[in-house]
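Here it is, the structure in full.
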Amino acid sequence: MATDFAKLKRGKGTPPPADDAPDVFAENGRSDEAEALRPLQVRIPASVFAEFSETAGREFGFTHGAKKQLFLKMWKAYKTQNNRA
């Protein structure tokens with residue numbers, strides 16, 4: 001999208017009209033039917049936290065949500081191992 005600098009030459013204090021921007025609320029890909037999320041807080045030794053964080057980062061990328069993804073993967077494996085569908 002090219003910027004039209006001619007719009008900026010208007011009188012002082014007059015903002016240029018807004019360009020057509022996509023409606024981010026209409027493009028929201030999240031489902032309204034998603035299950036509600038609840039926090040899970042545990043206290044663990046700092047060394048275990050660091051190791052868990054590193055493992056999550058290596059497996060899922062060092063991004064927001066990596067530890068959650070690792071926990072959910074572990075939970076699914078636990079349920080499968082113990083025949084708890």
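The values are calculated or read from the model by the stated rules, or taken from the named source; none is laboratory data. Owing to the predicted nature of the structure, the values given are computational and were not obtained by experimental measurement. Cβ atoms come from the backbone with ideal geometry, glycine included; neighbour counts cover every protein chain shown. SASA here: full protein model, heavy atoms, side chains in, ligands and nucleic acids out. Shrake-Rupley method; radii C 1.70, N 1.55, O 1.52, S 1.80 Å.
Could you please give the count of residues in the stretch 73-85 that are open to solvent by less than 90 Å² (accessible area, probe 1.4 Å) and either assigned to a helix (DSSP H, G or I) or modelled with pLDDT of 95 or more (or both)?
Matching residues across the stretch 73-85 total 3.
I would also like to ask the following. Mind listing just one residue for me: the one in the stretch 27-72 that is among the acidic types (Asp, Glu) and at pLDDT 95 or above and, of those, farthest from residue 4 (Cα to Cα)?
So the residue we want is 51.
Could you list all residues from the stretch 57-85 that are closer than 21 Å to residue 37 by Cβ, out of contact with any Phe, Trp or Tyr (no Cβ under 8 Å at 6 or more places or on another chain) and hydrophobic (A, V, I, L, M, F, W, C)?
Scanning the stretch 57-85 gives 60, 71, 72, 74, 75, 77.
Taking residue 69 as the residue in question, decide whether it is in contact with a helix residue (DSSP H, G or I) (Cβ under 7 Å, 6 or more places away or on another chain), polar (S, T, N, Q) and open to solvent by 70 Å² or more (accessible area, probe 1.4 Å).
yes
Follow-up. Give me the pairs: first residue in the stretch 46-62 and over 14 Å from residue 74 (Cα atoms), second residue loosely packed, with under 12 Cβ neighbours inside 10 Å and among the polar types (S, T, N, Q), beta-carbon distance under 6 Å, and six or more apart or on different chains, which are they?
none
Only one of (1) in contact with a helix residue (DSSP H, G or I) (Cβ under 7 Å, 6 or more places away or on another chain); (2) at pLDDT below 70; (3) among the aliphatic types (A, V, I, L, M) is not met by residue 24, so which one is it?
With respect to (1) in contact with a helix residue (DSSP H, G or I) (Cβ under 7 Å, 6 or more places away or on another chain); (2) at pLDDT below 70; (3) among the aliphatic types (A, V, I, L, M), residue 24 is out only on (1).
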